[in-house]
Amino acid sequence: MRTHLAIAWLIAAVPPLALAAEEQPGIDLSQQPKSKEAPPAQGEELPPIDLSKPPSAPAREAPAPAPEKPRAFVPFSEKDVALGDKVKAVQRKGFIKKGRLELTPFFAATVNDAFYQKFGGGLRLAYNLHDAFALAVRSTKYTKLRTDNVREGKIAFQSQLLNSDIDQQVMLEGVWSPIYGKASVFQSRIVHFDLFLQAGFGAVWSSTSGPPLSQGPHVAADFGGGLRFYPKDWLAFELGLLATLYPDQPVAQLPATTQRVFVMNVGVSLFWPFGFDYVYP
């Protein structure tokens, strides 16, 4: 009996509860949330303005960054380079001649006279106006050595050999060194070298300059070239070939002819000052 009463009570209570649930409002997610700074509704009074406070300044834009100042030029030094980076593709010259005096004693020997071989020695003093150009004064003294070809020549031609024997010469020359380089010696030392050309003019004394012909000195010109090696800052070894041309008249009844003397020179050059300072351009 009690069970039937409880069921009847529940059936009677459900409709009021459903109606109550329908009357409660729910959350409407379709509407946009109101802004905190929404304008006042129509008819609503605006809040009073406080004139005692100064108006707030508008926000300023951030200033543009100042342009960077150019850095001061700092000369590059080899101290700034690591030891492994000091080998350059193009390195500075290792030997400087500009502004230095050069004194060269040398040995000379003719190479184109089959009858009278001439040996001699001389001295050259030069001043290097530029690293590749110098002015020089050269003096050479020769000694004549008669060969066996003289006797055979006289027998064959049955006459006296008409020749001019050079005795000494003094020349003013210009020396130009257009090519400079380096060479490795025994894979442990680098030797500097250059190729040079020289040309000049001066005077030659020969066998006809004194009695009996007494023709005096002959005007001469020379040209040639060679190779020099610089093992030290103040020392160089030189090997060169030089041709000297001068007019001579061995026989008074015959016209003068041009004499050609080719000489091989081997010398040692000493430079002063003994050292040099490399100046970067």
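The values are calculated or read from the model by the stated rules, or taken from the named source; none is laboratory data. Predicted model only: the values in this text are computed from it and were never measured. Here the Cβ positions follow ideal geometry from the backbone for every residue, glycine too, while neighbour counts run over all protein chains shown. Note: areas computed on protein heavy atoms with side chains; ligands, DNA, RNA excluded. Shrake-Rupley method; radii C 1.70, N 1.55, O 1.52, S 1.80 Å.
Counting only heavy atoms of the protein chains and using a 1.4 Å probe, THR143 has close to 90 Å² of accessible surface.
Do you know the relative contact order of region 219-281, to the nearest whole percent, from alpha carbon pairs under 8 angstrom that are 6+ apart?
RCO, region 219-281: 33 percent.
For PHE274, what is the net charge nearby, where nearby means another residue's Cβ is under 11 Å from its Cβ and Lys, Arg count +1, Asp, Glu -1? So the surrounding residues net to +1.
When the pairs LYS93/LYS232; LYS98/LYS182; LYS118/LYS232; LYS141/LYS182; LYS97/LYS118; LYS98/LYS232 are compared against a 22 Å limit on Cα-Cα distance, LYS118/LYS232; LYS141/LYS182; LYS97/LYS118 fall above it.
Measuring nothing but protein heavy atoms, the accessible surface of region 162-281 at 1.4 Å probe radius is 69 percent carbon and sulfur. Name the residues of region 230-245 whose amide N is less than 18 Å from a point 7 angstrom out from the Cα of LEU103 along the C-beta direction? Hits in region 230-245 for LEU103 at 18 Å: 232-238.
List the trypsin sites (Lys or Arg not before Pro) within region 227-281 that fall in a DSSP loop (any state other than H, G, I, E or B) and whose Cβ has at most 10 other Cβ atoms within 10 Å. For trypsin sites (Lys or Arg not before Pro) across region 227-281 that sit outside H, G, I, E and B with at most 10 neighbouring Cβ atoms in 10 Å, the list is empty. In the context of the full set of protein chains, residues of region 174-228 present 55 Å² of accessible surface per residue (probe radius 1.4 Å, heavy atoms only).
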